[in-house]
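Here's the structure, in structure tokens; my notes come after.
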Amino acid sequence: QERIFEPFYQIDSSIAGEKQGTGLGLALVKQIVEQHGGQIWVESERGKGSRFIFTLPLLTEDEPYPGGNRR
């Protein structure tokens, strides 16, 4: 399951077994989440579907904003 976060990785998403898209979406999401200090993972059951979960750290007013000023 962790391979789905690799760039250009694709799974057969249709009954005909054809691949769609570029395989970059989840890789980009993972990179963005991790750049913000978070984590992302997938929980999946065959025939039931998948759930994508991510966490991001909570900043308080006293903590410096990563990368500069808050806008």
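Read-outs throughout are calculated quantities, based only on the coordinates presented, and are distinct from any laboratory measurement. This is a predicted model, so every value here is computed, not measured. Note that we place each Cβ from the backbone using ideal geometry, even for glycine, and neighbour counts take in every protein chain shown.
Brief remarks follow.
- Spacing of the two label points (7 Å from each Cα toward its C-beta) at ASP62 and GLU45, in nm: 4.3 nm
- Cα Rg over Rh - the stretch 2-55, Kirkwood: 1.01
- Note, ³J(HN,Hα) from phi for the stretch 39-48, Karplus 6.51, -1.76, 1.60, rounded to Hz, x at Gly and Pro: 9, 9, 8, 10, 10, 9, 10, 4, x, 10
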